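Report on the structure given below.
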Amino acid sequence: MLLLAIAITSCGSITPAPRFTPHEKRGTQEVVQELGSRRQAFLSADSKRLMRVVDGYMGVPYQWGGTTRKGMDCSAMTRAIVRETYGLELPRTSGQMYKLGTPVRRGSGLRPGDLVFFRIDTSGPGVSHVGIYVGDGRFAHASSSRGGVIDKLTQPYFQTRYVGGRRILPQ
């Protein structure tokens, strides 16, 4: 009984990860500022940790609108990787994610953990695909034909559809 009481009171002191949700009253900038205050946690989640988390999603089947390991789409996979690596809850869609953080130039400007966005022709106007940059010109994403994979940004398919990168983590 004493152990249960200790467990309950210690859980009350845990600060939940900031969330980007449509019903939240705080704006994006307020949440980004809160993330800045958690900078040390982000710094400790290095690129090796990112790759360990990404590896756990390789081969997960693609399912449009899916959010579980039985099947997930690109935004669900990106959200899950960011949540497990950095403790940050992202919005549900790639279009909503594209409004976060600050723009990053392609190439040497990208750092592991940055989000990368694409416009897929068959998906209509605007951003329609997202992945997470893992370094060395590569990004992890949920491919509609191959599931969870890592691809190079320099592949012609992605190079012609690239919209931009966004940094959501504090520098």
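The values are calculated or read from the model by the stated rules, or taken from the named source; none is laboratory data. Remember, it's a predicted structure, so these values are computed and weren't measured experimentally. Methodologically, a virtual Cβ is constructed for each residue, glycine included, from the backbone with ideal geometry; neighbour enumeration extends over all protein chains shown. Protein only, heavy atoms only, side chains kept; ligands, DNA and RNA dropped before computing areas. Shrake-Rupley method; radii C 1.70, N 1.55, O 1.52, S 1.80 Å.
Give the accessible surface of segment 51-168 per residue, rounded to a whole number of Å², with probe radius 1.4 Å and ligands, DNA and RNA excluded.
Each residue of segment 51-168 exposes 46 Å² on average to a 1.4 Å probe.
On full extension of the chain, what length is gained from Gln155 through Thr122, given 0.36 nm per residue of separation minus the C-alpha to C-alpha distance?
Taking 0.36 nm per residue and subtracting the Cα distance, the gain is 10.0 nm.
Note down the nm distance, to one decimal, between modelled labels 7 Å out along Cα→Cβ at Ser144 and at Arg83.
2.4
Are there chymotrypsin sites (Phe, Trp or Tyr not before Pro) in segment 50-125 that DSSP marks as loop and that have at most 13 other Cβ atoms within 10 Å, and which are they?
The qualifying sites are Trp64.
Just to confirm a number: summing +1 for Lys and Arg and -1 for Asp and Glu over residues other than Met97 whose beta-carbon lies under 10 angstrom from that of Met97, what do you get?
It works out to a net charge of +4.
Would you please classify the overall shape of segment 58-171 from the alpha carbon gyration tensor, given that a ≥ b ≥ c denote the square roots of the eigenvalues, rounded means a/c under 1.5, and beyond that prolate means a/b larger than b/c while oblate covers the rest?
Rounded, since a/c falls under 1.5.
Just to confirm the filter: which trypsin sites (Lys or Arg not before Pro) across segment 96-138 are DSSP coil and have at most 12 other Cβ within 10 angstrom of their Cβ?
Loop-located and lightly packed - Lys99, Arg105.
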